[in-house]
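The values are calculated or read from the model by the stated rules, or taken from the named source; none is laboratory data. The structure displayed is predicted, hence computed values, not measured ones. Here the Cβ is made from the backbone with ideal geometry for all residues, glycine too, and neighbour counts use every protein chain on show.
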Amino acid sequence: MNDFSFSSPTKIIFGRGAELRVGEETAVFSKRILLHSGGGSAERSGLMDRVRSSLRAAGVEWVELAGVKPNPRVDLVREGVALCRKEGLDFILAVGGGSVIDSAKAIALGVRYGGDVWDFYEYRAKAESALGVAVVLTIPAAGSESSTSTVISNGELALKRGFSSELLRPRFACMNPELTFTLPAYQTACGAADIMAHVMERYFTNVRNVGFTDRLCEATLKTVIDSLPRVLADPEDYDARSQIMWAGSVAHNDLLGTGREGCWGSHGIEHELSALYDVAHGAGLAAVFPAWMKYVWSHDIPRFARFATEVWGVEADWEHPERAALEGIRRLEAFFAASGLPVTLAELGIPRDRIPEMAEKAVAKGGGTVGNFVKLSSSDVERILELASS
Ligand code: NZQ
Ligand code: ZN
């Protein structure tokens, strides 16, 4: 196991009515905030009105900036930075999913920086200070409610890039599983695929003697695998929604990555799909992850065989561990398909013609390779995307 330091200070307020505490929790940090939200689902469900009432009751004033789109854009971030400066706002409350939270984190960085906020995503700027961010979560997926990362798209450059800093970890997150009852089945499944991907990116490691976190990873994956069919059958199954929501935060607050080195190859590749074709991140992962596995499984057959037996209940085959390894990959793909997710680029509506461009871009941000479990060159990424195409 590797040495590590771990701190995940986001306060989690979990359960029915959690959003009603947002005013008192926010007042601890600021009395004048930016209230940031998405395309309208939180308005339609009545959540925004409950949030406003709670803020008002706690004596918190706010200025609103709505309209964050999935795969959030840097243009709105720039607008948010200007608004915070003009109105003297020093704290941001994000009401929504990963896109709203990531946009809020980007604004939080930009307000305290002299140059253009996109500099952070090109690694031209270092985060030295940021406004505080907090969250009312409406979709379990990205894990941004307790992660250090922000992922932003730049339409002009056709790029989607991430930036991480401990400064960006949200101060608190209100998580009421009931808020996820209104999620369309497709978004629910995309979220579950993303959660599973965050665990699998950590699970497939070259670091040895990480049995404790291996088991935490397996338990988290099995929880999502058990719960997703239940919420797809009954969107108001509170218990199953709760399991997924909490699993989604633990999957990405980096507890599961302690003492090990993650891969992040599939994420690096997927971000190029959503940058060019604006697909949902979780849907892109559902197509890329099984293809990545089919390409790299022989790098560590015992690990893939363990994934099959411990996560998917495949019978161990000591003489032919490769059979179990391949069966595990097949079951993952079948699970995604049965959950209504696209498992090929064609199903995502993505043609083959820009595969070389996506492969080049995927490795460019890592100095020529992407991923750690196997360091992939651009021709490896091309082959993975070809595998994902058929
Ligand atoms: O905008 P509204 O109207 O709210 O609609 C959203 C959006 O269309 C809808 N939605 C959210 N909550 C809902 C709801 N609809 C009905 N009822 C609700 N309760 O769902 C759609 C997707 O929302 P979005 O925030 O985009 O989803 P998600 O949480 O999956 O976030 C995806 C973004 O996060 C990034 C992804 O790349 C992508 O840009 N990621 C961020 C990470 C991080 N910061 O740590 C890590 C991840 O790996 C990921 O890359
Ligand atoms: Zn992800």
Residue pairs, Cβ under 6 Å, 6 or more apart or interchain, first in the stretch 186-198 and farther than 11 Å from Pro140 by Cα and near ligand 1 (Cβ under 9 Å from one of its atoms), second part of a helix (DSSP H, G or I) and modelled with pLDDT of 95 or more. List them. Ala197/Leu285; Ala197/Phe289
Being touching a Ser or Thr at 6+ places or on another chain (Cβ under 7 Å), within 13 Å of ligand 2 (Cβ to nearest atom), within 30 Å of Gly15 (Cβ to Cβ) and not in a helix (DSSP H, G or I), is that true of even one residue in the stretch 200-221? no
Do we have Glu43 as surrounded by fewer than 20 Cβ atoms within 10 Å (Cβ to Cβ), free of Cβ contacts under 8 Å to residues at least 60 places away in the same chain and farther than 30 Å from Glu236 by Cα here? no
Which members of the stretch 38-74 meet the condition of being of a type in the set (A, V, I, L, M) and part of a strand (DSSP E or B)? Val63, Leu65
Inside the stretch 165-185, can you point out the residues that are near ligand 1 (Cβ under 8 Å from one of its atoms) and either surrounded by 24 or more Cβ atoms within 10 Å (Cβ to Cβ) or of a type in the set (S, T, N, Q) (or both)? Leu179, Thr180, Thr182
Only one of Arg73, Arg85, Arg56, Arg78 is more than 28 Å from Glu236 (Cβ to Cβ), at pLDDT 95 or above and in contact with a Ser or Thr (Cβ under 7 Å, 6 or more places away or on another chain); which? Arg73
Is it the case that Val77 is over 20 Å from Ser274 (Cβ atoms), within 14 Å of ligand 1 (Cβ to nearest atom) and not in a loop (DSSP other than H, G, I, E, B)? no
Can you confirm whether Ser30 is farther than 17 Å from Trp62 by Cα, in a loop (DSSP other than H, G, I, E, B), among the hydroxyl-bearing types (Ser, Thr, Tyr) and in contact with an Asp or Glu (Cβ under 9 Å, 6 or more places away or on another chain)? no
Residues (surrounded by fewer than 19 Cβ atoms within 10 Å (Cβ to Cβ) and more than 27 Å from the chain's Cα centre (by Cα)) located in the stretch 302-332: Pro302, Glu315, Ala316, Asp317, Trp318, Glu319, His320, Pro321, Glu322, Arg323
Tell me which of these Trp264 doesn't satisfy, since it passes every other one: (1) more than 16 Å from ligand 1 (Cβ to nearest atom); (2) on the phi > 0 side of the Ramachandran plot; (3) not charged (D, E, K, R). (1)
In the list Gly39, Gly59, which residue meets the criterion of being assigned by TED's automatic domain parsing to the domain that holds Asp102, within 16 Å of ligand 1 (Cβ to nearest atom) and more than 20 Å from Pro170 (Cβ to Cβ)? Gly39
